[in-house]
Structures are given as C-alpha cells and as structure tokens.
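Only one structure is covered here, and it is reproduced in the block below.
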Amino acid sequence: MLTLFLVLPFLVFAQTEPVVLEELYKNCRGLYSFKLNDDVSIVQVNTDNENFDMLAINEQMKVLWKVTLPGYALSSGKFKDKIVAVGSTEKEKSEYKGFVLDPLTGKIILEKTIYNGGDKKTENAYPYFTEKGDCFKMTFAKVKITYPAISMSRKPKTTILSLVALDFDISLNVNKLIETKLPDGKIYSYGFNTYGDLMVVHSNNEETVDVSKYSIDKNTPVATQKVSFNAHKKFKANDIDGNFSAIFSANRDMVYLALMHPNEEKETQLSLLKLNMADGKTQTITEVFNKDHIKDLKRLSFLLIPK
C-alpha cells in the first residue's frame, strides 16, 4: 500500500528539490498521473480496488476538484477536450467502464460500459491515450497461462491466443476495430506508437524476431520486418521470454528492441537494436558482461565508506 503526498516533481512541475505540501491519502493501492496542461495535472488514485478517485491539482498544489468513480483504476488520459478514465467494475469478469469528465469541474459527462468480455484471468486489457489527446484505444488479449509441472519456482508461461484493438470516439463508441490475424509462433510484446498504430513483436521461427505494424483500419499488417540478434546457436527466439523489451517511439517507423542473451562465445550480452520499419534497416549496439566487465562495474558502482 502507498501513501500519497503532494510532491512537486511527482506532478511534473519543475523544481530542484521535492517539496511535500500535504498528505492526501493513506494506504492507497496505486496511482497514475498525467499532465493536462502547463498548469494542471490529473491524478488517478486507486483507493480500495472497488473505487478510485480522480483529482485535478494545479501548480500551487491546490486540489481544484475531486471525483470518486466505481471500479478498479486501470488508466486515464486526456481525449479531445475532455478527460477519460477507465475502470474495471467486475472482480472476475473482464468488464470495463469508461468515464468522460469535464476537465474544469470533474463532472461526469458520460458513464458507459465499453467492453464486456470473458474471464479476467485469461484476458489482458491495455488502454492507450496519445500525449496530444487525439486518440483513445484499448487492446484486449485472450491468453493461456500454463504452469511448469516440474518446478513450481519457475514463472508461468503466457501464450496470446487472440488480440483485439478498439478505437473509441468521444462518446465511447467503438469507432474502429482490429481483430488481428496473429502470425504463427509466439507474441512477445505489443502496444501502440504515438500515432496509434498497433505494433506486435513476434516470432514464427527459431532464428529471427519479427515486428509487425497494423493501422487502425487493417486486420493484416501494413508492414513486417525481421530482425536477428548475434546470439549463440542454442539460444532460440522462443527463449527470449523475461529477457526482452520493446519501445515503440514517437517516430512512426522506429522501433527499439533490447535483449539479454548469450552470444556466440557463450558470454552474456545486452543487444540494443533500432529498427526502421520503412526500409528494414537496423542499427545495433552491444555490451558484453564477461567476468572482467562485471568486475569493472562492481568497482565503479560501489564506494567504500570509511568507518
């Protein structure tokens, strides 16, 4: 559980030193914030997993308005000239509500169920708002979770069975829908770039990783590019779970991938790869974590304090 204070840097107002002005919550279960404009930030606070609060706070740390909404807080953002908050209103079922709020008063303009799916344990929801406030989308991935039978200490494996992306208008109606035709193989990551294109990182063989881009009005990829890492031959694409991350950038065609893997010399290597979706060209930088390098890192990272 968390305790929420009004802290200037937390609200993205520039200060050299954090200044705690007021304690707002005790034992809140999570929070999220975004910048509405140069003077006001919006804070979403999950209070008890059954209700959440939305607050507007100005540069002087004054709470301009506060509203309590039903459900578990999922995300929020500015959309068009309003604020949209998303909450999960059912504990077991994948049901989500959207709330359209007046940014000046916090008044609820619209409350609507925007998705009604299956079992929440087998369906992952991910809302997305562009920074400019011109887009509100959500993905819903149906997943299969399997637990290793031999060692219970190992993490469960999650397989994505289907992926749906919804594009909403300001009335919280589904404007467009993508039911992606998933590629063969395993999906490692998915999300939106700043233009609202759906990006999917997957592999359909053991040697390469593919990146596919879907526009909001296409069920098939508008572009797919293959990338490969300088990995040891025994390290296959299916082994990257838990060692991989992807960033979908502000540039519509750029994707950044990071992978920790054994190289051809069986040394642990970090590979950072920049992929241009337009032409398939890549740039890669690597860092090898051999014994000597790890010793150097330890020497540089730790400072002995005299007794």
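The values are calculated or read from the model by the stated rules, or taken from the named source; none is laboratory data. This one's a predicted model, so the numbers in the text were calculated from it and none came from an experiment. Here the Cβ positions follow ideal geometry from the backbone for every residue, glycine too, while neighbour counts run over all protein chains shown.
Based on what the data block shows, is GLU17 at pLDDT below 60, of a type in the set (Asp, Glu) and farther than 27 Å from GLU95 by Cβ?
yes
If I ask for residues that are surrounded by 13 or more Cβ atoms within 10 Å (Cβ to Cβ) and either assigned to a loop (DSSP other than H, G, I, E, B) or out of contact with any strand residue (DSSP E or B) (no Cβ under 7 Å at 6 or more places or on another chain) (or both), which ones from segment 94-133 would you list?
ASP102, PRO103, GLY106, THR130, GLY133
Out of the residues in segment 63-93 that are touching a residue at least 60 places away in the same chain (Cβ under 8 Å) and surrounded by 14 or more Cβ atoms within 10 Å (Cβ to Cβ), state the one that is nearest to ASN124 (Cα to Cα).
VAL84
Would you call SER212 small (Gly, Ala, Ser), modelled with pLDDT of 85 or more, touching a His at 6+ places or on another chain (Cβ under 8 Å) and under 30 Å from ASP169 (Cβ atoms)?
Yes; evaluated as a whole, the condition is true for this residue.
When segment 244-260 is examined, which residues are found to be surrounded by 15 or more Cβ atoms within 10 Å (Cβ to Cβ) and modelled with pLDDT under 80?
Residue satisfying the conditions is PHE244 alone.
Please go through segment 76-93 and give me each residue that is more than 21 Å from ASP38 (Cα to Cα) and either among the hydroxyl-bearing types (Ser, Thr, Tyr) or outside any strand (DSSP E or B) (or both), ordered by number.
Across segment 76-93, the qualifying residues are SER88, THR89, GLU90, LYS91, GLU92.
Yes or no: VAL43 more than 18 Å from the chain's Cα centre (by Cα) and at pLDDT 85 or above?
no
Take the residues of segment 242-259 that are within 12 Å of MET277 (Cα to Cα) and assigned to a loop (DSSP other than H, G, I, E, B): which is nearest to the chain's Cα centre (by Cα)?
Step by step, filter segment 242-259, then rank; the result is SER249.
Would you check which residues across segment 53-64 are in contact with a Phe, Trp or Tyr (Cβ under 7 Å, 6 or more places away or on another chain), modelled with pLDDT of 90 or more and either under 18 Å from TYR96 (Cβ atoms) or not in a strand (DSSP E or B) (or both) and list them?
Of everything in segment 53-64, nothing turns out to be in contact with a Phe, Trp or Tyr (Cβ under 7 Å, 6 or more places away or on another chain), modelled with pLDDT of 90 or more and either under 18 Å from TYR96 (Cβ atoms) or not in a strand (DSSP E or B) (or both).
Against the condition under 30 Å from ILE108 (Cα atoms), at pLDDT below 85 and among the basic types (Lys, Arg), how does LYS176 come out, does it pass?
For LYS176, the condition - under 30 Å from ILE108 (Cα atoms), at pLDDT below 85 and among the basic types (Lys, Arg) - is met.
With the requirement that a residue be among the hydroxyl-bearing types (Ser, Thr, Tyr) and either crowded, with 21+ Cβ neighbours inside 10 Å or part of a strand (DSSP E or B) (or both), what does segment 186-200 give you?
Passing the criteria: TYR188, SER189, TYR190.
Name the residues in segment 261-277 that are surrounded by 13 or more Cβ atoms within 10 Å (Cβ to Cβ), part of a loop (DSSP other than H, G, I, E, B) and either in contact (Cβ under 8 Å) with a residue 24 or more places away in the chain or touching a helix residue (DSSP H, G or I) at 6+ places or on another chain (Cβ under 6 Å) (or both), would you?
Selection gives ASN263, MET277.
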